[in-house]
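The structure under discussion appears below in the form of structure tokens.
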DNA sequence: TCCGATTATTAAAACGTTATAAATTACCCC
DNA sequence: GGGGTAATTTATAACGTTTTAATAATCGGA
């Protein structure tokens with residue numbers, strides 16, 4: 001074994017090639033090698049070729065720490081991951097999309113927890129202050145999201161999952177929740193349903209407004225009765241949601257249609273039907289937003305609308321890369337469309 | 001608002017504080033400040049206090065890049081996240097546990113995709129070679145996992161989710177799948193079931209062996225009939241699993257009990273019952289491993305056994321920290337116990 | 001043949017930290 | 001007060017990059 005008098009980290013010192021390795025091997029200086037690898041046109045084409053070949057031969061990979069120290073760029077993208085989401089598989093699908101795009105770009109993804117009930121600004125501040133990332137992705141965006149405000153002020157690249165109501169444009173990827181809600185209501189109406197119910201996410205999230213608007217306008221246009229569950233949100237403990245939905249079923253005018261914004265809520269609604277002796281398809285119908293294929297295996301089969309979270313992750317990562325390249329925010333928007341199964 | 005004709009000071013104040021900032025402010029040298037902050041006993045206690053106060057005042061946070069360049073330690077923990085898991089919420093729960101423990105330690109978590117069907121060694125090699133992390137966590141461990149072999153050879157800190165069959169000890173956290181399978185079978189037997197069925201994960205994973213052993217030994221001890229589905233694994237496309245289970249139900253001797261290792265498989269089994277006109281609780285029973293509360297809202301309610309993935313993530317992160325501190329691997333093992341709902 | 005202008009290369013500094021070795025100061029005892 | 005030792009502090013040299021400014025090489029053109 002090679003002795004290491006330096007006392008510096010054990011697994012590093014196994015002859016990792018550096019610029020100097022290539023420099024001494026090719027006879028050029030470290031500076032030239034660095035610029036050659038950056039494809040600087042000031043460096044003769046022949047030299048660039050020689051250096052590139054040597055780098056290839058040695059399996060040279062630039063040291064991130066050194067580059068980061070020198071340039072201030074971290075090669076890191078941070079994901080603020082909300083503790084709650086409307087789908088069980090949200091994190092997995094989303095992260096899969098992001099890492100798919102980032103694979104091979106040299107960026108790595110760090111995950112930072114984001115508690116929508118807590119201080120959402122704290123992790124952002126830490127990242128900005130300590131220069132922990134070059135770009136930021138986050139979910140569960142609020143209408144006047146403080147993170148968006150702060151990041152825009154700091155001119156720090158980010159893409160939000162969900163829009164805001166700020167006037168200045170910023171990059172976002174969003175699911176068309178208004179269209180989803182509208183389609184869901186219309187579908188229920190087409191099935192003859194006249195009294196539909198909805199459980200919304202917390203009021204502060206922008207997508208809650210979109211859902212509400214789509215739901216209300218379609219219900220009013222159809223002239224049917226509707227209600228939005230009170231005292232609970234999509235993120236409430238499921239027993240609480242179950243209690244409210246079951247109570248409503250036992251009340252005077254139980255709904256005959258449910259628009260469910262998440263998978264779990266849809267299961268709760270189904271359970272409420274079963275537990276109150278109601279028959280799906282007879283006494284009530286359900287349209288649910290889904291992000292996974294689990295409903296294929298749930299009986300009775302309900303109508304679903306697919307939200308492609310993997311594609312969402314991909315779109316956000318791609319957009320962030322473009323933003324970090326300096327592309328202006330004005331056109332960096334992408335709406336993910338609902339895919340109904342009906 | 002205020003112009004800066006001098007070109008000197010003002011914006012410097014808003015710059016990130018470094019050791020030099022504190023050094024000039026306190027009158028000590030950079031070296032002293034560095035050592036004082038490291039609580040070096042060679043530095044006078046009074047000096048340490050002074051320096052600590054100044055650091056506090058400036059909101060000093062050491063620059064990760066500089067420290068990393070100098071020490072070779074990255075302050076990063078990488079998570080190799082398998083593309084498939086037996087639970088929809090696996091990623092979320094697991095990641096939540098990990099980030100909970102790592103919050104405040106100064107370590108950040110990067111997520112790297114790991115495709116169990118592809119080259120599982122490639123991401124590990126990249127991390128080792130390019131010194132991208134100080135420690136590694138991964139899931140879906142194989143009996144003779146090449147990653148474990150490589151990491152042990154390189155003496156690189158890691159914790160695997162799942163055991164291996166290597167003789168040398170390495171840190172692991174595992175769920176007692178053997179106990180789960182055994183309990184599940186015994187429970188079905190106690191309910192009077194005499195012909196039980198199981199879908200296993202891929203053969204190479206260690207936990208597959210544990211499941212098989214628990215299942216087989218309990219079934220044989222009880223003297224009942226059993227079968228393990230062939231041609232499919234837990235990770236097969238759900239339509240494939242559904243096809244096999246449904247075909248079995250239509251065959252000569254359909255099972256009257258199912259041990260389901262994942263939530264989706266349990267749903268498939270339930271659907272297979274429903275689709276073949278069988279009645280849960282009458283024609284067959286199910287015991288399923290679960291990681292989320294969704295089954296509380298699925299009707300009929302089946303018997304479940306809880307695997308606490310958040311606790312698993314916590315345990316793995318804690319263990320990795322201890323391992324990185326130099327603790328020997330010998331006792332770094334933790335078995336997560338099944339929590340039956342029955 | 002030599003000069004000015006490109007073109008190609010490189011020396012040196014810097015990013016912020018830590019570790020080594022050396023320098024300084026404080027302290028104690030005679 | 002001096003000599004020696006212990007207690008503190010600090011200068012300096014890295015770590016591997018990139019970048020600025022400067023040097024060296026090449027090339028026409030007069």
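The values are calculated or read from the model by the stated rules, or taken from the named source; none is laboratory data. All values reported here derive from a predicted model rather than from experimental measurement. As a convention, Cβ positions derive from the backbone with ideal geometry for all residues, glycine included, and neighbour counts pool all protein chains shown.
Tabulated results
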read-out: Candidate set: the stretch B:233-267, residues that are under 17 Å from residue B:87 (Cα atoms) and part of a loop (DSSP other than H, G, I, E, B); chosen: the one nearest to the other protein chains (Cβ to nearest Cβ); value: B:237
read-out: Subset tally (residues that are modelled with pLDDT of 95 or more, more than 15 Å from the chain's Cα centre (by Cα) and not in a helix (DSSP H, G or I)) for the stretch A:304-326; value: 3
read-out: Among (1) modelled with pLDDT under 95; (2) buried (at least 21 other Cβ atoms within 10 Å of the Cβ), the one test that residue A:91 misses; value: (1)
read-out: Answer residue from the stretch A:70-83, given it is surrounded by fewer than 19 Cβ atoms within 10 Å (Cβ to Cβ) and under 29 Å from the mean Cα position of the chain (by Cα) and is farthest from residue A:160 (Cα to Cα) among those; value: A:71
read-out: Any chance residue A:275 is at pLDDT 95 or above and away from chain B (no Cβ under 12 Å); value: no
read-out: Whichever residue in the stretch B:204-232 is under 28 Å from residue A:295 (Cα atoms) and out of contact with any strand residue (DSSP E or B) (no Cβ under 9 Å at 6 or more places or on another chain) and, among such residues, is nearest to the other protein chains (Cβ to nearest Cβ); value: B:232
read-out: Residue tally, condition under 20 Å from residue B:133 (Cα atoms) and more than 10 Å from DNA strand D (Cβ to nearest atom), over the stretch A:39-79; value: 7
read-out: One residue from A:293, A:300 being surrounded by fewer than 19 Cβ atoms within 10 Å (Cβ to Cβ), closer than 27 Å to residue B:299 by Cβ, in the same structural domain as residue A:219 (by TED's automatic domain parsing) and touching a strand residue (DSSP E or B) at 6+ places or on another chain (Cβ under 8 Å); value: A:300
read-out: Qualifying helices (runs of 4 or more DSSP H) (wholly inside the stretch B:34-127; at least 1 residues being within 16 Å of DNA strand C (Cβ to nearest atom) and either at the interface with another protein chain (Cβ under 9 Å from one of its Cβ atoms) or within 22 Å of residue A:125 (Cα to Cα) (or both)); value: B:45-58, B:64-71
read-out: Qualifying residue in the stretch B:182-191 (condition: closer than 25 Å to residue B:91 by Cα, more than 14 Å from chain A (Cβ to nearest Cβ) and surrounded by fewer than 18 Cβ atoms within 10 Å (Cβ to Cβ)); value: no
read-out: Number of positions in the stretch A:223-243 that are touching a residue at least 24 places away in the same chain (Cβ under 8 Å) and more than 26 Å from the chain's Cα centre (by Cα); value: 7
read-out: Selection within the stretch B:128-149 - in contact (Cβ under 8 Å) with a residue 40 or more places away in the chain, assigned to a loop (DSSP other than H, G, I, E, B) and under 28 Å from residue B:71 (Cα atoms); value: B:131, B:132, B:133, B:134
read-out: Residues of the stretch B:279-303 satisfying the condition of being closer than 18 Å to residue B:90 by Cβ, outside any loop (DSSP other than H, G, I, E, B) and within 14 Å of chain A (Cβ to nearest Cβ); value: B:288, B:290, B:293, B:294, B:295
